[in-house]
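The values are calculated or read from the model by the stated rules, or taken from the named source; none is laboratory data. The shown structure was predicted, so the numbers you read here are calculated from the model rather than taken from an experiment. We place every Cβ from the backbone using ideal geometry, glycine too, and count neighbours over all the protein chains shown.
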Amino acid sequence: MRIQRRGYREGVTRIIAGRAGSISLEVPDAGTRPTSDRVRESLFGALESADALRGAAVLDLYAGSGALGLEAVSRGAASADLVERAPRAAAVVERNAARVAKSVGADAAIRVHRAPVTAFLSGARRPFDVVFIDPPYDIAEEEISEVLGLLVPALAGNAIVVVERAKRSPQPTLPEGLALTRAKRYGDTTLWWLTFAASDEDEAFEDWADEDIAD
């Protein structure tokens, strides 16, 4: 009989593709909402089509299980910083990061930060190329706006920021420097694609704006 360790549900999600493809990831048992495999497949397909992952510095805020940042590393990102405040969830992220690190070896750096997102961003210095913001759905829009404002100084030129929210949530309020280039719905989930100092290449995302995908 398998004994379930307190604090997570074992084997309910996985790395989809890349060097760590098929590795199972633990998921915290409360307070997090893992991005489904289906949404991640679409998200990372678009990022790879834009050649946004190869050698990228990735930031995964409200990391939960760390699945988004770790998927990026598996698919060629040079580094991933995973930020999670909740102690149990952060412990899960650390175990998942160690598991993925064994597959990618020295080709990528994975760092886990046990800190509130706003505190981490207040001291962030690294220029990030790709940022995932996937907070619990009950977080207030005011916090999302604050996080986006703090994030701007830590972004590399032409950085891509993906915000995952409930379908009913309004479009995030954007600070100067970030522009909405795409919105895509998956059932009850919406992904908002933002770019920093967008280039002509990033405009390709606009062709898919407001696309719906049924469950």
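Quick notes on this one:
- Residues within the range 26-49 that are under 21 Å from Gly76 (Cβ atoms), among the aliphatic types (A, V, I, L, M) and at pLDDT below 95, tallied: 1
- Selection over the range 1-25 of residues that are of a type outside the set (Gly, Ala, Ser) and at pLDDT 75 or above gives a count of 7.
- Selected residue (criterion: nearest to Glu41 (Cα to Cα)) from residues of the range 76-91 that are buried (at least 24 other Cβ atoms within 10 Å of the Cβ) and at pLDDT 95 or above: Ala77
- Residue ranges of strands (runs of 3 or more DSSP E) in the range 129-215 with at least 1 members at pLDDT 95 or above: 155-166, 178-186, 189-196
- Which numbered condition Arg54 fails, given (1) under 25 Å from Ala159 (Cβ atoms); (2) surrounded by fewer than 19 Cβ atoms within 10 Å (Cβ to Cβ); (3) in contact (Cβ under 8 Å) with a residue 24 or more places away in the chain: (3)
- Filtering the range 94-116 to residues that are surrounded by fewer than 17 Cβ atoms within 10 Å (Cβ to Cβ), more than 15 Å from Leu61 (Cα to Cα) and touching a Lys or Arg at 6+ places or on another chain (Cβ under 8 Å) leaves only Asp107.
- Restricting the range 57-75 to residues that are part of a loop (DSSP other than H, G, I, E, B) and within 10 Å of the chain's Cα centre (by Cα), the residue that is surrounded by the fewest Cβ atoms within 10 Å (Cβ to Cβ) is Tyr62.
- Among (1) closer than 26 Å to Arg38 by Cβ; (2) exposed (fewer than 15 other Cβ atoms within 10 Å of the Cβ); (3) touching a strand residue (DSSP E or B) at 6+ places or on another chain (Cβ under 9 Å) - the single one Pro127 does not satisfy: (1)
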